[in-house]
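Structure, as C-alpha cells:
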Amino acid sequence: MADFLNETPSTDSKRCERAFLVGIQTPEMASGEADELLGELHELVENLRIGVVGRELVNLRRPTPATLLGSGKTEEIIAAAKAVDADLIVFDDRLSPAQQRNWEKLSEIAVIDREEVILDIFADRAQTREAVLQVALARMEYSLPRLTRAWTHLSRQRGKGKMGGEGETQLEQDRRLVNDRITRLKRELAEVQKQRGVQRHKRQRVPVPTASIVGYTNAGKSSLLNKLTGAHVLAEDKLFATLDPTTRQLLLRGNQKLLVTDTVGFIRRLPHGLVEAFKATLEETIVADFLIHVLDVTNPGFEQHHATTLGVLHELGADGKTIVTVFNKIDAATAGDLARARQLAPDALFVSAHTGAGLDLLETRLVELIADAFQSSELLVPHDRYDVVARLHTLGEIQEQEHRDDGIYLRGRFPPAQSGYFAPFKLAHTGKK
C-alpha cells in the first residue's frame, strides 16, 4: 500500500523542505486571532524540521466547496508559493479530502493542513507502545478518506471495465487494508489500555492522592514536574516535547505523599481524532483528585490558551475537577503580564519552574487541597498491631502519634476509600480538625 505514495506529491513520498503557510481569518474570529494561529502553525511546521519560506493571511467571508478559497485567491497563493520555490503548502484551517485533492491538482505541490502537521509531530514524538498505537490509529483514520489522492492519475488514464478501472480496484484494496489496520490497532490499543488500567488499580489500592498537570503545550509542565519532584522528564522549549504521561511522587510536609502526572500539552484546533485517540493517555486527568493548570505568563495569548485547555477538559469530562491555576515563568514576566494574569484568574498562583520561586506556595495549596479531601480521624491501635501503624503511615498523613498505656494514639488524614481498614481503631469522638 505504501507504494502509491510515490505517485503524487506528499510529505510521505519525498522530504519536503520549503513550506508556504496559509492562514484564514473569518468574520467569526477575533481580530488578530488568525495571525496568532499562523505564528503557531509556523512553529509547528518548524518542529517537523521544515523551513518556512513564505506565509499569507487570507480574509475569508465565505468558504467555497472546491478549494475553500475563491478561484482568484487560489491562483494568487499558488503563484506566491511557486515564486519562493515552496514544495509544500500548509493551511492553518482544515481541508476536506476533496479540497486537498483539488489544491494538489492545481498547484502540483504537496498540500496539507494543520491537522496533518500535528499528526506528524505526534508520530515523531511518540515513545511508549501506547502512544505509538494511538498516533497510528489517528493517522489511519485521517488518511482513510484521502486515499483517492494517490490514485487520481489512474482514473484519468484508464476507463472502467466490468470490475471498474484499475485505480478503483487498487483503491478498494487499499481501503480494506487501512480498515483492517484500524481494527487491528484498536484491538492492540485495548490490550495496552487494559494493562495500564491494572497498573492504575494497583496504585489506587494504596490510594495516595493524585494530581495531573495540564495546560497548553510548551507552558512548562514538564519543567514544573521536574522542579517539584526532582525527576528528569524531558523538558524542551518546543511544542509537544513529550506525549507520554509521566507520574512521579512528591513528598509534601508532614510526610504527605502526592502522585503528580505530567500530561500531553493541549493546543488550539487539536484534531478531534487525536483527542479521541489520546483519551487513554489523557484519562489521567479524569481519575486525578485535582488538576494543576499551568500557563505561560509570558505568552501574549495565554487567555486563549486558558480557554483552550478548559475546552479540552470539558470534552474529556474532567472540567468538574478542582483546578489549581498556576502561572509559570514569572522570572521572565513583565508587570503587564502579571496584571493581565491576575485579572484572568484572581486566585492563581505565580511560580517559576526555572528558579523555584513560588513553589512553596504551590505546595502549601496542595497540602490544603489534600486536607480538604481526606477525612481527619483519631485512632487507637493496640500495641501488638504495629503493622497497622506502619500501614497507616503509607496510606495518609500522620499529624500526631503518641504511645499510651492502652495503645498507640494516631491523629491523621486518610483516604475515604480505606475507611474499612482503619474503622475498627477509630475513636468515637473523632471529627475533622
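The values are calculated or read from the model by the stated rules, or taken from the named source; none is laboratory data. It should be emphasised that the depicted structure is a prediction, and the values quoted were computed from it without experimental measurement. Ideal geometry is used to build each Cβ from the backbone, glycine not excepted, and the neighbour counts take in all protein chains shown.
Just a few scattered comments:
- In region 140-170, the residues that are of a type in the set (Ser, Thr, Tyr) and modelled with pLDDT of 50 or more: TYR142, SER143, THR148, THR169
- Restricting LEU366, LEU349, LEU379 to residues that are buried (at least 16 other Cβ atoms within 10 Å of the Cβ), without any contact (Cβ under 8 Å) to a residue 60 or more places away in the chain, among the hydrophobic types (A, V, I, L, M, F, W, C) and under 30 Å from LYS426 (Cα atoms) narrows the list to LEU379.
- Top-ranked residue of region 264-304 - restricted to ones that are modelled with pLDDT of 90 or more and hydrophobic (A, V, I, L, M, F, W, C), ranked as surrounded by the most Cβ atoms within 10 Å (Cβ to Cβ): VAL294
- Counted residues, region 107-138 - those being touching a strand residue (DSSP E or B) at 6+ places or on another chain (Cβ under 8 Å) and under 12 Å from LEU189 (Cβ atoms): 0
Results for (1) under 27 Å from the mean Cα position of the chain (by Cα); (2) modelled with pLDDT of 95 or more; (3) crowded, with 18+ Cβ neighbours inside 10 Å, shown as yes or no for each residue.
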position	(1), (2), (3)
LEU5	no, no, no
LYS14	no, no, no
PRO27	no, no, no
LEU41	yes, no, yes
ILE50	yes, no, yes
VAL53	no, yes, no
LYS82	no, yes, no
ILE89	yes, yes, yes
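- Screening GLN173 with (1) within 21 Å of the chain's Cα centre (by Cα); (2) modelled with pLDDT under 85 gives one miss only, at (1).
- Residues that are of a type in the set (S, T, N, Q) and touching a residue at least 24 places away in the same chain (Cβ under 8 Å) within region 20-53 comprise GLN25, THR26, ASN47, listed in sequence order.
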